[in-house]
1. Of all residues in segment 209-218, count the ones that are open to solvent by less than 30 Å² (accessible area, probe 1.4 Å) and touching a Phe, Trp or Tyr at 6+ places or on another chain (Cβ under 9 Å).
2. Looking at segment 314-334, is at least one residue in a loop (DSSP other than H, G, I, E, B), at positive phi, open to solvent by less than 40 Å² (accessible area, probe 1.4 Å) and hydrophobic (A, V, I, L, M, F, W, C)?
3. Which residues, taken from segment 189-244, are assigned to a helix (DSSP H, G or I) and among the polar types (S, T, N, Q)?
4. Of the residues Gly73, Gly124, which single one is touching a Pro at 6+ places or on another chain (Cβ under 8 Å) and either touching a residue at least 12 places away in the same chain (Cβ under 8 Å) or surrounded by 23 or more Cβ atoms within 10 Å (Cβ to Cβ) (or both)?
5. Right, Ala94: over 17 Å from Leu195 (Cα atoms) and open to solvent by less than 30 Å² (accessible area, probe 1.4 Å) or not?
6. Being in contact (Cβ under 8 Å) with a residue 40 or more places away in the chain, in contact with a strand residue (DSSP E or B) (Cβ under 6 Å, 6 or more places away or on another chain) and of a type in the set (S, T, N, Q) narrows it down to one of Asn271, Asn289, so name that one.
7. Filter segment 179-208 for residues that are at pLDDT below 95 and in contact with a Pro (Cβ under 9 Å, 6 or more places away or on another chain); which is surrounded by the fewest Cβ atoms within 10 Å (Cβ to Cβ)?
8. Residue pairs, Cβ under 8 Å, 6 or more apart or interchain, first in segment 356-367 and among the polar types (S, T, N, Q), second open to solvent by 30 Å² or more (accessible area, probe 1.4 Å) and outside any loop (DSSP other than H, G, I, E, B). List them.
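The values are calculated or read from the model by the stated rules, or taken from the named source; none is laboratory data. The structure presented is a predicted model; accordingly, all values stated were derived computationally and were not measured. In this analysis, Cβ positions are derived from the backbone assuming ideal geometry, glycine residues included, and neighbour counts consider all displayed protein chains. Please note that ligands, DNA and RNA were not included when accessible areas were found on the heavy atoms of the full protein model with its side chains. Shrake-Rupley method; radii C 1.70, N 1.55, O 1.52, S 1.80 Å.
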Amino acid sequence: MSVTAAKGFSAAGIAAGIKESGSPDLALVVNNGPRRAAAGVFTSNRVKAAPVLWSEQVLRGGEVCAVVLNSGGANACTGPKGFQDTHATAEKVADVLGQSAGEVAVASTGLIGVLLPMDKLLPGVDKAAAELSEHGGEKAAIAIKTTDTVHKTSVVSKEGWTVGGMAKGAGMLAPGLATMLVVLTTDADLESATLDKALRASTRQTFDRIDSDGCMSTNDTVLLLASGASGITPRFEEFAEAVQSVCGDLARQLIGDAEGASKDIRIEVINAANEDDAVEVGRSIARNNLLKCAIHGEDPNWGRVLSAIGTTKAEFEPDRLNVAINDVWVCKNGSVGEDRELVDMRYREVKITADLAAGSESAVIWANDLTADYVHENSAYSS
């Protein structure tokens, strides 16, 4: 049930007519309390969509009563009118629910540089509000899809309390955060500062470590809302673990549904001097288009891994580097290792291990291969 798995939440997903296809395109998630604590993490792109700018302001107050999300248009790079439309959307939700617009977060996804059809979106809010249900989580998850082939949800239940979530995203998946909208909910009784601490720790280890195509979105939004409806205040460590579990599951689903992908690539950097080095090397490998093409062709071309490592500022000695592809150490001490013909790449998941032999820290980055289907989808996206 995703965002409605936790007590105290209702949701809806409807077709407002924003998408020409007539598919669902508007979601509403409402926190019915008694608590309305919230935290959020947003794109680090300096070009931010109007709903990101609005929601950043809302989250400063630490309380969110509702989130309204639309697909079919990003409302990014739309000038003052775009921000006015975001404000009007929040005002409409607040009016329908009898709440304050200052506690309504807004999120949008779709094509950049196009104004939203407000004559369809605003009536859609009325329709969505009329269909709010404690069982509406799945419909909400479906309504935020763009190029996604499947909707993405995850739930972790503990003794008496729950964390649930939904996500969309299939392209422009890169750190900071990935082109995604994510709403997480919990019925744990926690303050916004606690939510913020748990959310930032979780996104750093999950959403910030998926990298499909090296492109950063203007609309990335991850929200965590707490209703307090369970009446239970879990230990922080236990709560943070649950949030990270949901985020990790959703992040893995995002990579699994990446545009045109035929391979999911797990890149583990080990024995780094520090975690930052491990992450930098992992991202460099994930963004090497030559390697991504080789993986698509099931070619264990380990030289492209070494060349990617060499572009970083990480601490290592070239003649001590080791690389394994699907557990076959094809490169040892910066040179030829085991026979590359031993590498079996027939399956969906490909594992690359890069040993920097410089310390004891590690990190995992998820990526995917580069395919003709990806090129086709993104060459025709706006037409």
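1. Count: 4.
2. no
3. If we filter segment 189-244 for residues that are assigned to a helix (DSSP H, G or I), which is where we start, we get 192-205, 207-209, 236-244.
Those that are assigned to a helix (DSSP H, G or I) and among the polar types (S, T, N, Q): Ser192, Thr194, Ser202, Thr203, Gln205, Gln244.
4. It is Gly73.
5. For Ala94, the condition - over 17 Å from Leu195 (Cα atoms) and open to solvent by less than 30 Å² (accessible area, probe 1.4 Å) - is met.
6. Asn271
7. Per the stated criteria, the residue is Asp208.
8. Ser360/Asn271; Ser362/Glu268; Ser362/Ile270; Ser362/Asn271; Ser362/Glu275
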